[in-house]
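Below is one structure; the comments refer to it alone.
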């Protein structure tokens, strides 16, 4: 049987677009079916529209997954250097911001999307927009895809199918559980899914205290019994956000606590002792203003003895101050859900896929890449690096 395309790619996000372009470089013709009216919707909003497209420090340790060893092959086949070189070849030069994060010098995510659109056109790869795939079935030696487009139902046959339709965040950008349902329908295991890189909520009697501090940002170290992150936290009217909170959210589970070190580079008691030696009459509140806003310090009046002068602080006061500043315990009620999450945790189990090709072990010719797989990167460009790498790996093998 002759086929019009070597493969059909379901989903025109970062992974699908990279797969289409790389397939073109390998001399293969593919069709990308995208349900939105434009490709790269999540690319366009990432990094506030600037697109943090990779991280120079990427390794398998920067991902949440049931099997971190699975990542080694893909990250070795398409490295960070490959990503940087690829974009530089086409005029997109990166600039490093914080913690290895690379952004285009133009600070425009649309430049990245435009690049993929241009390359797909030059390579003869087809992109059908507003094409919603309804079903994918496996016949003897091909797949049959049913899709809806412009009010009509269509059918296409292909020897191979690549699923890069993403995860559950963000519904307004066309997110769906299509990949998960498809994989489950083919008998593939799905690791439990949940929002990740997501703000955490506080309810109950503590909620007003957090709400009162809304807008306050503090550099902190946030940890649980697994891991810690040192970046800013942000108090909000519903709880906590900011980079460090988004990072820890991927490791947080409902009912569990997190701990926040509000002064990670110093020991607060040592600093108090130093100040006490020269100005024991200074009130604790004025001392704390060296590190925190007036609003934050005022909010501590029922927690710490902020009206005492430093010379009057006793051992019990010291213990209370140390525990609050360096081990502030928070038990989130939940998170803000998929609409506020950057990515999804969980997905198609890596045990179901070949680490070298990303092909399903059970269904020959069926591939899964990007966010729908149980690989969730940290905040800071890691998820894009996985998207580019998995797209490249699948392109080699379709």
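Counting pairwise Cα distances across segment 199-336, what percent come out greater than 26 angstrom? Result for the distance tail: 24 percent. Report summary: the helix-based calculation at 222 nm, which adds -39500 (n - 2.57) for every DSSP H run with n ≥ 4 and divides by the residues of the chain, gives -8500 deg cm²/dmol. Counted by neighbouring Cβ atoms within 10 Å, the residues 113, 21 run from fewest to most as 113, 21.
Once the chain from residue 270 to residue 362 is taken as fully extended at 0.36 nm per residue, the excess over their C-alpha distance is 27.1 nm. Here segment 192-264 and segment 302-357 have alpha carbon centers that stand 5 Å from each other.
Kindly identify segment 306-398 as rounded, prolate or oblate by the Cα gyration tensor criterion: order the square roots of the eigenvalues as a ≥ b ≥ c, call it rounded if a/c is under 1.5, otherwise compare a/b with b/c, prolate if a/b is larger, else oblate. The shape class here is prolate.
Ranked by the mean number of other Cβ atoms within 10 Å per residue, highest first, peptides 196-203, 220-227, 33-40, 371-378 order as 371-378, 196-203, 33-40, 220-227. Here's the picture: a label point sits 7 Å out from the Cα of residue 227 along the beta-carbon direction, and within segment 370-393 the residues with their amide nitrogen under 19 Å of it are 370-390.
Of the beta bridges in the chain, as assigned by DSSP with both residues counted there, near 80 percent are antiparallel. Give me the angle, in degrees from 0 to 90, between the Cα long axis of helix 14-25 and the longest principal axis of the Cα atoms of the chain, rounded to the nearest 10. With rounding to tens, the tilt is 40 degrees. The angle between the Cα long axis of helix 109-123 and the longest principal axis of the Cα atoms of the chain comes to about 10 degrees, rounded to the nearest 10. May I ask what percent, to the nearest 5, of DSSP beta bridges between residues of segment 199-336 are antiparallel? In segment 199-336, DSSP labels about 100 percent of beta bridges as antiparallel.
Bear in mind these aren't lab numbers, they're just calculated from the coordinates by the rules spelled out. A quick note: this is a predicted structure, and the numbers were derived from the prediction, not measured. Cβ: placed from backbone, ideal geometry, glycine included. Neighbour counts: every protein chain shown.
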